[in-house]
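The values are calculated or read from the model by the stated rules, or taken from the named source; none is laboratory data. Here the structure is a predicted model, which is why all the values come from computation and not from measurement. Please note: Cβ atoms are built from the backbone with ideal geometry, for glycine as well, and neighbour counts cover all protein chains shown. In case anyone asks, the SASA skips ligands and DNA or RNA and just uses the protein heavy atoms, side chains included. Shrake-Rupley method; radii C 1.70, N 1.55, O 1.52, S 1.80 Å.
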Amino acid sequence: MRLPVEDLTPSQIVDRLNQYIIGQDAAKRAVAIALRNRYRRQQLPDDVRDDIMPKNILMIGPTGVGKTEIARRLAQLARAPFVKVEATKFTEVGYVGRDVESIIRELVGSSVRLVEKERMDAVREQAEERVLDRLVDLLDEDPAPFGASIFGMPVGTIVESSADAEPEPDYEELERRRQTRRAELRTQIAAGEKDGEYVELDTEEPNQPFVQVFSAQGLEEMGIDSLGGFGTRRVSHRLTVADARPILFEQEATTLVDKGSLHREAIERAEQTGIVFLDEIDKVAIRSTGGSGPDVSREGVQRDLLPIIEGSTVPTKFGPVRTDHILFICAGAFHMAKPSDLIPELQGRLPIRVQLDDLLEGDFRRILREPKNALTKQYERLLGADGVQVSFTEGALDEIARIATEVNKKTENIGARRLHTIVEKLLEDVMFEAPECGQRSLVIDDEAVRTKLGAFLQNLDSSRYIL
């Protein structure tokens with residue numbers, strides 16, 4: 001079975017990543033090679049393919065420089081199951097923390113949702129036709145076909161003993177009229193003319209009462225979901241046609257999708273193309289001092305991660321999952337620790353190391369202008385929903401970039417996330433007043449930026465707490 005790994009060259013992958021992420025060329029090249037290697041491996045014979053293991057990556061760089069975004073966009077390119085977890089969640093494993101195997105269970109859950117969406121999209125046209133038929137049945141005031149029989153006699157048949165009994169109705173003509181009426185109703189529903197009318201719709205809802213479970217593993221690991229939980233119950237809803245459409249589509253699409261093969265494909269996708277982004281790995285990279293306490297727990301997390309990264313079998317409610325070919329991308333700032341502080345066995349499982357650079361003023365300028373999802377474009381669309389057409393001059397963008405750089409130098413360096421704080425503060429009044437302002441245009445220039453934010457920059461305490 002060939003999995004949907006796109007035939008993209010490393011340079012094409014980097015070009016796609018450049019649409020969302022500024023700079024960090026070394027990291028982009030590393031993940032591009034890793035993704036291309038997955039495509040290369042898919043082209044090999046089965047006996048050779050199993051011997052080729054992924055080369056896991058360790059990203060080293062401060063917060064806000066694009067580590068998470070690179071991994072997330074890579075997973076979207078590969079149409080691969082993706083999960084982001086933080087190593088600090090597992091700091092107290094063995095005491096009260098989460099089991100590291102829950103990482104793989106989350107990955108399989110992501111894979112199931114991904115494959116289910118793809119299969120439902122594949123049967124969308126057929127499911128939407130069924131939805132129209134269901135809505136016609138719900139809205140038709142006389143859904144029973146003319147000529148239906150009861151005890152072998154047509155409905156409406158009147159038994160007369162008299163010789164002058166009325167002739168039987170023309171059931172074929174009545175059926176033609178019925179089909180014509182239903183066809184017209186179907187056309188109206190498809191055109192949205194009936195969206196405001198109400199229908200009675202029954203749905204299945206899980207019947208799970210509140211249960212407090214004192215378990216580090218939780219409900220999923222206990223298998224309540226896989227055992228069917230506490231059953232389901234039918235609930236009747238009165239909904240508009242517009243609200244009933246997505247519910248009916250999900251019901252019809254679900255009946256068209258084979259759950260058994262869906263779960264098998266989801267497990268294979270997770271095993272062969274899954275990507276795990278393990279953030280804050282530096283927080284557990286602390287050498288043991290020989291005593292007890294957090295040091296022992298942190299090294300325990302690393303030891304627990306070893307078999308998963310190296311390759312093991314993890315039981316899930318969808319079936320056992322092998323982790324041999326899952327790509328692990330670990331990341332951390334490594335301010336207080338170094339990659340060499342990881343236990344040697346874990347260092348050996350992360351052979352590719354890439355250093356991500358601090359973002360400079362020029363990078364901030366590009367981040368505000370170039371990405372498809374640039375922050376300024378997001379605010380323009382948000383305020384446009386209230387009828388306020390806001391735009392930024394080139395000077396304003398340069399001034400925002402300068403302020404972000406200055407604040408990052410004076411306080412903690414949080415990278416591009418500083419832009420969110422600054423632009424939010426800059427547009428605070430506009431966003432508050434926009435609903436009452438009506439249709440208007442607003443141009444943000446460099447003078448407006450200095451006027452709004454200048455006072456915070458002059459006061460170190462204000463810039464530390466506000467920006």
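When the residues of the range 362-376 are filtered to those that are among the charged types (D, E, K, R) and assigned to a loop (DSSP other than H, G, I, E, B), the one that is least open to solvent (accessible area, probe 1.4 Å) is Glu370.
Taking the range 117-133 as the range and being surrounded by fewer than 16 Cβ atoms within 10 Å (Cβ to Cβ) and of a type in the set (Lys, Arg) as the test, the residues that pass are Lys117, Arg124. Considering Ala34, Ala30, the condition of being open to solvent by 10 Å² or more (accessible area, probe 1.4 Å), part of a helix (DSSP H, G or I) and within 17 Å of Asp324 (Cα to Cα) is satisfied by Ala34 alone. Based on this model, can you work out whether Ile367 counts as within 29 Å of the chain's Cα centre (by Cα) and modelled with pLDDT under 90? Spelling it out, it is not the case that Ile367 is within 29 Å of the chain's Cα centre (by Cα) and modelled with pLDDT under 90. Just one of the listed residues (Arg418, Arg450) is of a type in the set (Lys, Arg) and open to solvent by 80 Å² or more (accessible area, probe 1.4 Å), and it is Arg450. Yes or no: Val443 open to solvent by less than 30 Å² (accessible area, probe 1.4 Å), touching a residue at least 24 places away in the same chain (Cβ under 8 Å) and among the β-branched types (Val, Ile, Thr)? For Val443, the condition - open to solvent by less than 30 Å² (accessible area, probe 1.4 Å), touching a residue at least 24 places away in the same chain (Cβ under 8 Å) and among the β-branched types (Val, Ile, Thr) - is not met.
Scanning the range 387-414 for residues that are buried (at least 17 other Cβ atoms within 10 Å of the Cβ) and farther than 21 Å from Gly362 by Cα gives Val388, Val390. Summed over the range 242-276, the residues that are among the acidic types (Asp, Glu) and in contact with a helix residue (DSSP H, G or I) (Cβ under 7 Å, 6 or more places away or on another chain) give a count of 2.
Per-residue answers, yes or no, for (1) crowded, with 18+ Cβ neighbours inside 10 Å; (2) modelled with pLDDT under 90; (3) assigned to a strand (DSSP E or B); (4) small (Gly, Ala, Ser):
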{"residue": "Gly260", "(1), (2), (3), (4)": "no, yes, no, yes"}
{"residue": "Ile267", "(1), (2), (3), (4)": "yes, no, no, no"}
{"residue": "Glu271", "(1), (2), (3), (4)": "yes, no, no, no"}
{"residue": "Asp282", "(1), (2), (3), (4)": "yes, yes, no, no"}
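Annotation: of all residues in the range 423-439 being under 21 Å from Leu397 (Cα atoms) and either more than 31 Å from the chain's Cα centre (by Cα) or not charged (D, E, K, R) (or both), the one that is surrounded by the most Cβ atoms within 10 Å (Cβ to Cβ) is Leu426. Every condition in (1) more than 15 Å from Ile444 (Cα to Cα); (2) open to solvent by less than 60 Å² (accessible area, probe 1.4 Å); (3) assigned to a strand (DSSP E or B) holds for Leu359 except the one numbered (3).
Every condition in (1) modelled with pLDDT of 90 or more; (2) within 28 Å of Arg29 (Cβ to Cβ) is met by Ala337 except one, and the failing one is (1). Considered as a group, the residues in the range 295-354 that are hydroxyl-bearing (Ser, Thr, Tyr) and assigned to a helix (DSSP H, G or I) include one that is surrounded by the fewest Cβ atoms within 10 Å (Cβ to Cβ), and that residue is Ser340.
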